[in-house]
Every structure is written in structure tokens, then in C-alpha cells.
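Peer 1: This structure is in C-alpha cells; I'll ask about it shortly.
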Amino acid sequence: MQQSNDSTSTPGEIHSFEELDLSPITLKALQRLGYQAPTPIQSLVIPPALDGQDIIGQARTGTGKTAAFSIPILELLDPLSECRNPQAMILVPTRELAEQVYQEIHRLAYGCKTAITVLAGGKHMRRQMTQLREGTQVVVGTPGRVYDHIQRKTFKTSDLWCVVLDEADRMLDI
């Protein structure tokens with residue numbers, strides 16, 4: 001398991017997103033967003049994540065953690081036409097953070113048709129059930145609502161290959 005902590009590491013030899021061997025569509029999305037070069041956490045997390053390694057990463061707010069785990073997910077997703085069940089799940093402690101993560105992944109997926117569903121309280125359960133039934137590649141959710149969907153058998157976990165615990169320390173506090 002790869003462990004990364006941006007407070008004690010530097011980006012090393014990685015000075016551009018092009019060096020990470022990302023797809024042209026991802027590079028174009030990053031350029032559109034004004035991302036110039038990977039942050040330290042991104043330089044440390046993206047390469048092993050693209051290789052399928054398990055990772056524990058820790059970095060301060062605003063250092064690009066969401067992009068660090070989202071970019072490899074987006075790069076490795078099977079098209080919705082090949083797999084209609086969720087392939088990646090990102091658990092977050094609050095519905096506000098779920099919406100923020102959704103927005104960032106949506107921005108990073110620019111130019112690539114990607115189905116992302118938010119499973120969080122305060123959102124319409126029926127709409128979530130419809131989105132899951134119609135097919136989604138990435139689920140961003142809070143533990144309570146994700147558990148509810150699993151119990152209802154509306155969230156099928158059989159094709160998940162990636163689980164991200166974002167702000168795991170806050171989830172444990174709750």
C-alpha cells in the first residue's frame with residue numbers, strides 16, 4: 001500500500017500532467033480548468049493509482065486531493081455501454097462535500113461522457129434510484145444514504161473496483 005503525505009514530500013520529477021501519461025481528453029480538461037502542473041499530492045498519488053495500487057494520502061485543504069483521486073478514476077473507468085453498475089465509490093462525511101466532489105469530478109470529466117451520481121440525504125431518493133437503474137459509473141455519497149441504497153438493493157456493488165474514503169477522519173468523528 002502506497003502512503004503519501006504532501007507535507008513532507010515534493011513533486012519529485014513530475015513537473016507536468018503530460019508526464020503522467022494521461023489521455024488527451026483528460027489533459028484537455030485539465031488545461032481548460034487552468035491546471036498547470038500537478039500538486040505534490042497529485043504527483044505522489046496519480047502514478048500508483050493508475051497502476052492499480054492501494055493508496056493512503058493525506059494533505060491539507062486546497063492541495064488538490066479531489067483531483068488526485070478523481071483523475072485516475074476517470075482514466076480507468078469502463079464506458080457506460082460496457083458496465084452499467086458503479087465502478088467507483090467515493091464516501092464523504094456530508095452532503096455538502098458530496099456535492100463539491102461531484103462538481104469537481106464533473107469538471108475534470110469535461111469532454112468525456114461520464115455518469116456520476118450523488119447519493120446523499122437531502123436529495124430525492126427516487127431520482128437517485130432512477131440514476132442507479134439507468135446506469136452510473138461513479139457514486140459520490142454519504143455513508144447513511146449509501147447504506148440505505150445497498151439495503152434497498154438499488155446500489156449494486158458487484159462491479160466496484162475503487163473505493164475512496166474522503167476525509168475519513170471526519171467520518172470517524174461523526
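Peer 1: What does the extension gain come out to for Leu165 and Arg152, with contour length at 0.36 nm per residue minus their alpha carbon separation?
Peer 2: Residue separation times 0.36 nm, minus the Cα-Cα distance, leaves 2.5 nm.
Peer 1: Taking Cα centroids, how far is segment 115-174 from segment 59-108 in Å?
Peer 2: Their Cα centres are 12 Å away from one another.
Peer 1: In Å², what does the accessible area per residue of segment 80-165 work out to with a 1.4 Å probe?
Peer 2: 54
Peer 1: Can you send over the carbon and sulfur percentage of the accessible area for the chain, probe radius 1.4 Å, protein chains only?
Peer 2: Within the chain, the accessible surface is 48 percent carbon and sulfur.
Peer 1: Which of the listed residues, Tyr147, Cys162, Met89, is farthest toward the dipole's positive end in the chain, when Lys, Arg count +1 and Asp, Glu count -1 at the beta-carbon?
Peer 2: It is Tyr147.
Peer 1: Tell me, what is the Rg over Rh of the chain, with Rh the Kirkwood radius over Cα pairs?
Peer 2: Checking Rg against Rh, the ratio lands at 0.96.
Peer 1: To the nearest 20 debye, what is the magnitude of the charge dipole of segment 17-62 about its Cα centre, counting +1 on the Cβ of each Lys and Arg and -1 on the Cβ of each Asp and Glu?
Peer 2: Magnitude of the dipole: close to 300 debye.
Peer 1: Under a point-charge model restricted to the Cβ atoms of Lys and Arg (+1) and Asp and Glu (-1), what is the dipole moment magnitude of the chain relative to its Cα centre, in debye to the nearest 20?
Peer 2: 1000
Peer 1: What size of dipole, in debye to the nearest 20, comes out for segment 7-86 about its Cα centre when the only charges are +1 on Lys and Arg C-beta atoms and -1 on Asp and Glu C-beta atoms?
Peer 2: Using Cβ point charges on Lys, Arg, Asp and Glu, segment 7-86 gives about 440 debye.
Peer 1: So for segment 108-174, what are the equivalent ellipsoid semi-axes in whole Å, largest first, each being the square root of 5 times an eigenvalue of the Cα gyration tensor?
Peer 2: Semi-axis lengths for segment 108-174 are 19, 16, 12 Å.
Peer 1: Return a single number: how many Lys pairs in the chain, at a sequence separation of 8 or more or on separate chains, have alpha-carbon atoms below 27 angstrom apart.
Peer 2: Total qualifying Lys-Lys pairs in the chain comes to 10.
Peer 1: Through the Karplus equation 6.51 cos²θ - 1.76 cosθ + 1.60, θ set to phi - 60°, convert the phi angles of segment 114-130 into ³J(HN,Hα) values in whole Hz; use x for Gly and Pro.
Peer 2: Along segment 114-130, the couplings run 9, 9, 10, 10, 9, 10, 8, x, x, 10, 5, 4, 4, 4, 4, 4, 5 Hz.
The values are calculated or read from the model by the stated rules, or taken from the named source; none is laboratory data. All values reported here derive from a predicted model rather than from experimental measurement. Note that we place each Cβ from the backbone using ideal geometry, even for glycine, and neighbour counts take in every protein chain shown. Only protein heavy atoms, including side chains, enter the accessible area calculation; ligands, DNA and RNA are left aside. Shrake-Rupley method; radii C 1.70, N 1.55, O 1.52, S 1.80 Å.
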